[in-house]
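Student: For reference, the structure I am asking about is given below.
Please treat every number below as a calculation from the coordinates, not as lab data. Not measured: the values here are computed from a predicted model. Using ideal geometry, Cβ is built from the backbone for each residue, glycine included, and neighbour counts are taken over all protein chains shown.
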Amino acid sequence: MTQIMPSVAVTTAPFSSPEATLAGFHHHYASVDGVRMHYVCGGNPEGEVLLLLAGFPQSWFAWRRVMHALKETFWLVAPDLPGQGDSDRPETGYDTQSLAQKTHGLMQSLGHKSYFLVAHDVGAWVAYPYSALYRDEVKRLALLDAGIPGITLPDTLPVTPDKSWKTWHFAFHTLPDLPEALITGNERLYLDWFLRRKTAAPDAFSEEDISEYLRVFLKSGGLRAGLAYYRSVTVSAEQNRELNRQGKLQMPLLAVSADQGSIPDMAVPLRAFAENVTGIIIANSGHFIPEEQPEALARELHTFFAM
């Protein structure tokens, strides 16, 4: 009788390609609950792990200068959230708790059980439920220029001309169909305005930078997925209110504002939701702090995480 032998698993290294603009960093992919997530990592393999989450309409690329400045000290992991960058764009799962769970699955797959977390814009939306759900893993948290749904994001946003240019897109992105009709075919114009208008100095973004963000925005499902973060905001807000009922965040939190950003002083409203909040305001910066003032931000993060 012929004996049937089981197949033998062949051990291989995961796919990896070097990041051309960031020496010592590599691109990787991991499947988390059926969603393929792209991430870039590198730095000091003996250092503390630092997880970086970017916002709309960006990707891991937003952190490249901060990653360069911190690479001697930290092991840096910068994923594209589902729907962002070179990660998959699933049909559902854009509430921030689902995004947090996917990102946590990625960190689990990488074997990281204790780390620092830095997040900007929509990334900060994800970082709040992430830190509330996985309190024992996030040692310190830094949130950059963002109101958190159900926590610090007002239900009514300003409509006066001097302020509405910062917040008009919240309502616009939640509308059915109209954003797609107006943005499709005008993606570069839209991204150019969105990125450069919200900076203190528009030259912080080069034409090559805009082209990289346009590349991932134009990928199949890119616009749909970007708008889905905003269209899920009501669900995200209720999830966050429920998490807040379980108690304030206990890990030290650095609230990073910009003198020309969206939130005048993030620390003030966050103190109602976190026990230990330190606030800083970075001068000569608009909303996109990691690309406008990367060296100053990196110094402040290094100091905060070294405490």
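Student: Need the full-extension length gain, Ala283 to Arg224, defined as separation in residues times 0.36 nm minus the C-alpha distance. One decimal, nm.
Tutor: Taking Ala283 through Arg224 to full extension adds about 17.8 nm, to one decimal.
Student: Quick one: angle between helix 294-305 and the longest Cα principal axis of the chain, in degrees between 0 and 90, rounded to 10, please.
Tutor: Its long axis makes an angle of about 70 degrees.
Student: Give, in nm to one decimal, the length gained when the segment between Gln3 and Arg188 is fully stretched (0.36 nm per residue of separation minus the Cα-Cα distance).
Tutor: On the way: separation 185, 0.36 × 185 = 66.60 nm, distance 6.22 nm.
Here the answer is 60.4 nm.
Student: Indicate the gyration tensor shape class of the chain (rounded, prolate or oblate), computed on the Cα atoms with a ≥ b ≥ c the square roots of the eigenvalues: a/c under 1.5 is rounded; otherwise a/b larger than b/c is prolate and the rest oblate.
Tutor: rounded
Student: For the chain, with only Lys/Arg (+1) and Asp/Glu (-1) charged at the beta-carbon, what is the dipole magnitude about the Cα centre, in debye rounded to 20? Mind dumping the intermediate values first?
Tutor: On the way: 25 positive and 34 negative charges, 95 e Å.
Magnitude of the dipole: close to 460 debye.
Student: Assuming R0 = 35 Å, what is the FRET efficiency of Gln246 and Ser211, from their Cβ-Cβ distance, to the nearest 0.05? Please report the intermediate quantities before stating the final value.
Tutor: Values: r = 43 Å, r/R0 = 1.24.
Between Gln246 and Ser211 the formula returns 0.20.
Student: Note the angle between two axes, namely the Cα long axis of helix 122-133 and the longest principal axis of the Cα atoms of the chain, as a number of degrees from 0 to 90, rounded to the nearest 10.
Tutor: Its long axis makes an angle of about 60 degrees.
Student: Applying 1/(1 + (r/R0)^6) with R0 = 35 Å to the Cβ-Cβ distance of Asp265 and Ala20, what FRET efficiency is obtained, to the nearest 0.05? Walk me through the numbers before you get to the answer.
Tutor: Details: r = 38 Å, r/R0 = 1.09.
Calculated value: 0.40.
Student: Further question on the same structure: Relative to the longest principal Cα axis of the chain, at what angle does helix 96-109 sit, 0 to 90 degrees, rounded to 10?
Tutor: Compared with the principal axis, the helix lies near 40 degrees.
Student: Let me ask another. Please go through the residue pairs Lys102/Lys198; Lys102/Lys219; Lys102/Lys139; Lys139/Lys166; Lys139/Lys198; Lys102/Lys248 and name each one whose alpha carbons sit more than 25 Å apart in this structure.
Tutor: Working: Lys102/Lys198 29 Å; Lys102/Lys219 21 Å; Lys102/Lys139 19 Å; Lys139/Lys166 31 Å; Lys139/Lys198 31 Å; Lys102/Lys248 23 Å.
Beyond 25 Å between Cα atoms: Lys102/Lys198; Lys139/Lys166; Lys139/Lys198.
Student: Sticking with this structure for a sec: How many angstrom lie between the C-alpha centres of region 87-117 and region 176-195?
Tutor: Region 87-117 and region 176-195 have Cα centres separated by 27 Å.
Student: Listed highest first by mean packing, meaning other Cβ atoms within 10 Å per residue, what order do 8-21, 289-302, 138-151, 106-119 come in?
Tutor: Values: 8-21: 8.6, 289-302: 20.9, 138-151: 23.6, 106-119: 18.4.
Output ranking for 8-21, 289-302, 138-151, 106-119: 138-151, 289-302, 106-119, 8-21.
Student: Further question on the same structure: Once you order the gyration tensor axes a ≥ b ≥ c over the Cα atoms, which shape class does region 17-80 get: rounded for a/c under 1.5, otherwise prolate or oblate by comparing a/b with b/c? Numbers along the way, then the final one.
Tutor: On the way: a/c = 1.65, a/b = 1.41, b/c = 1.17.
Judged from the Cα gyration tensor, region 17-80 comes out prolate (a/c at least 1.5, a/b above b/c).
Student: Would you calculate a helix-derived [θ] at 222 nm for the chain, using -39,500 (n - 2.57) for each DSSP H run of n ≥ 4 and dividing by the full residue count, to the nearest 500? Walk me through the intermediate numbers first.
Tutor: Numbers: 12 runs with 117 residues, N = 307.
Helix contribution divided over all residues of the chain: -11000 deg cm²/dmol.
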